[in-house]
Amino acid sequence: MTEVSVTRKGQITIPVELRRKFGIIEGSKVEVAEEEGIIVIKRLPSIFDLAGSSSRKGDIGELKRMLDEMRAEDA
């Protein structure tokens, strides 16, 4: 466990080893929450983290069929 200080503005610095371990870089978003009386900081996934996450979960033919059905409903 690493000790950090809180600034007058309520800011803290996440230690470099934890930033590297969790892939927190400049511009990353984190969530600060309370869980059972403890302050928890969670890294939020970016759109880049999600890229390809749904690959191989859909059949191209099925997706095209669904798209055709939606287009027919709109016509």
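Contact annotation: no residue pair with Cβ atoms under 9 Å, 6 or more positions apart or on different chains, pairs a residue in region 1-29 that is loosely packed, with under 10 Cβ neighbours inside 10 Å with a partner that is assigned to a loop (DSSP other than H, G, I, E, B) and basic (Lys, Arg).
So for region 41-52 (the condition being part of a loop (DSSP other than H, G, I, E, B), surrounded by fewer than 10 Cβ atoms within 10 Å (Cβ to Cβ) and at pLDDT below 85), does at least one residue qualify? The answer is yes, given that some residue of region 41-52 is part of a loop (DSSP other than H, G, I, E, B), surrounded by fewer than 10 Cβ atoms within 10 Å (Cβ to Cβ) and at pLDDT below 85. Among the residues making up region 4-25, a single one is over 9 Å from residue 43 (Cβ atoms) and under 14 Å from the mean Cα position of the chain (by Cα): 25.
The values are calculated or read from the model by the stated rules, or taken from the named source; none is laboratory data. Just so it is clear, the model here is predicted, and its values are computed rather than measured. Every residue, glycine among them, receives a Cβ derived from its backbone with ideal geometry; neighbour counts consider all protein chains shown.
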